[in-house]
Amino acid sequence: MSQRVTVVGGGLAGSEAAWQLAKRGFDVDLHEMRPLTKTPAHKTENLAELVCSNTFKSTELTNAHGLLKAEMRLLGSLILEAADAARVAAGSALAVDRDVFSATVTERITSEPRINVVREEVTRVETACVIATGPLTSDKLAEAIRSRLGVGALSFYDAIAPIVARDSIDDSIIFRGSRYGKETMAGADDEGAYLNCPMTREQYDAFLDALISADQYHGHEFDEVPYFEGCMPVEVMAKRGRDTLRFGPLKPVGLRDPRTGREAYAVVQLRQEDRAGQMWNLVGFQTRLRIPEQQRVLRMIPGLAMAEFLRYGSIHRNSYLNSPAALTRHLSARDDPKLLFAGQITGVEGYTESSATGLLAGINLARLLSGNAVAVPPATTMIGALYRYMNEADPKHFQPMNANFGLLDELPERIRDKKQKREEFADRALAEMQIWIEANGIHERTAVKRVSDNRKAVDNLPGEFGESISLAEPR
Ligand SMILES: Cc1cc2nc3c(=O)[nH]c(=O)nc-3n(C[C@H](O)[C@H](O)[C@H](O)COP(=O)(O)OP(=O)(O)OC[C@H]3O[C@@H](n4cnc5c(N)ncnc54)[C@H](O)[C@@H]3O)c2cc1C
């Protein structure tokens, strides 16, 4: 008799995890609390309901989300197969009819004999299990997870500051340095840890005016975050008084520009986000500005006129774990490799990222239950790079992360042309994913073409479980 396993949460990650386990011969109890217990955002009882936008973002390999999807297709993603079946025209984006999409996932899961959907709220943490209860995990289970993993392991809100790419910052304007030259990390660069963007009074005034008047996102009612000092949006702080930011996150004291020997009127500081130093976080800039407004206003900061945003700021209600502090490399509890977490609760951000972690959690739980070692793809792949981030990010400042090229291992050679660089990233990622699949005996689901093969997106290829609709445009 085959072993029974539990997956908690019938969202994107949980549906994908259950499917992967079933395809590997395990009987799965998939627990979903809707419709008996509701969340503030879901409206239906369908599995894998999309709570907001209807797009899985780009299909192009030169886009981080496109590359992530191409890797997931190699691993046989149910979620992408359903997205293909529900696809609506949206240029190079994979947008779906949300009702057709979630109905397709529900139909596939409920007609899979190995999966038993249990409609109940889970309130205890048990093993062997994948917990994928998402950003709106029920209170009782959140409490159980907290006490199982330790106080401080789970947050209920995110307050995300934007991240920009290092090579898009203008070095002729910024300077390096830590406040009062203090650096407490052993082995850190003598030059100082932060990148500092100095502002004159005129620049500060213009920036403040733009920030105060910028259009901002108003969340759903339940999403209204009770702001406390640690997560106050920068635009709310700016509205409190013209000097509030200058005495807060933009304070210039202790930061002398080595070129002038003087302190600036105000300074925006950028803190390193990844070990390779490709990703830099705007300190204190958690924001609810709309994305085009973030681009417009934040590019007014001296040194950031050409900034490439790897992650945008946001503030949401979001239950997520401090994965670098509480979980292992394959996102399990540290004292129990068979208690895995997947989806947004692990600190990834977005539909595709959440589905990808569900996919890998299903594969890894199946491996463990079959007596095999866990396997995580290398950080040259988008999935592997996301997992590395969840494992190695600074636990003191950990915030959810979306797929982006800044997460990947650098290429062996420096390539200046951005498009060519991304093509190289994509080719390497797909080649290494195939090697990883073969090395770990993970059944390869589709043939893959790389950018260099014919410059067409992998999304054009048929899916594993039937024909996918081919809408990707030739590039
Ligand atoms: C309001 C809102 C808007 C968003 N908009 C976007 C967007 O536009 N684009 C984007 O990419 N991402 C968006 N996100 C993030 C999005 O939620 C995730 O990307 C994605 O849904 C996460 O997938 P998941 O499987 O981790 O969680 P979910 O898809 O939320 O699935 C979790 C499931 O677990 C169930 N559950 C919770 N607790 C229990 C329990 N105790 N027992 C049993 N079942 C339980 C829930 O009912 C739910 O079905 C948004 C999030 C919110 C809250």
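The values are calculated or read from the model by the stated rules, or taken from the named source; none is laboratory data. Please read these numbers as outputs of a predicted model, since none were measured by experiment. Note: ideal-geometry Cβ built from the backbone for every residue, glycine included; neighbour counts use all protein chains shown. The protein model used for the area step is the full one, side chains on, heavy atoms only, and it has no ligands, DNA or RNA in it. Shrake-Rupley method; radii C 1.70, N 1.55, O 1.52, S 1.80 Å.
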Report task. Could you run through the stretch 86-109 and say how many residues are open to solvent by less than 10 Å² (accessible area, probe 1.4 Å), β-branched (Val, Ile, Thr) and modelled with pLDDT under 95? Result -> 1
Query - Inter-residue pairs, beta-carbon under 7 Å, first within 13 Å of Arg4 (Cα to Cα) and in the stretch 112-129, second away from the ligand (no atom under 16 Å from the Cβ) and not charged (D, E, K, R), 6+ apart - result: Arg114/Ala22; Arg114/Phe26; Ile115/Ala22; Ala128/Leu369
Query raised in the report: Yes or no: Tyr157 under 24 Å from Thr352 (Cβ atoms), open to solvent by 70 Å² or more (accessible area, probe 1.4 Å) and either within 16 Å of the ligand (Cβ to nearest atom) or modelled with pLDDT under 95 (or both)?
Result: yes
Query raised in the report: Which residue out of Arg329, Arg334, Arg317 is surrounded by fewer than 19 Cβ atoms within 10 Å (Cβ to Cβ) and closer than 23 Å to Asp139 by Cβ?
Result: Arg317
Query - Residue identified as away from the ligand (no atom under 13 Å from the Cβ), at pLDDT 95 or above and open to solvent by less than 40 Å² (accessible area, probe 1.4 Å) among Ala132, Ala128, Ala83, Ala144 - result: Ala128
Query raised in the report: Which pairs have Cβ atoms under 7 Å, sit 6 or more apart or on different chains, and link a residue in the stretch 29-46 that is crowded, with 18+ Cβ neighbours inside 10 Å to one that is of a type in the set (Gly, Ala, Ser)?
Result: Leu30/Gly10; Leu30/Gly14; Leu30/Ala18; Glu32/Gly9; Glu32/Gly10; Met33/Ser138; Asn46/Ser102; Asn46/Ala103
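Do we find that Leu270 is in contact with a Cys (Cβ under 9 Å, 6 or more places away or on another chain) and closer than 18 Å to Lys396 by Cα in this structure?
yes
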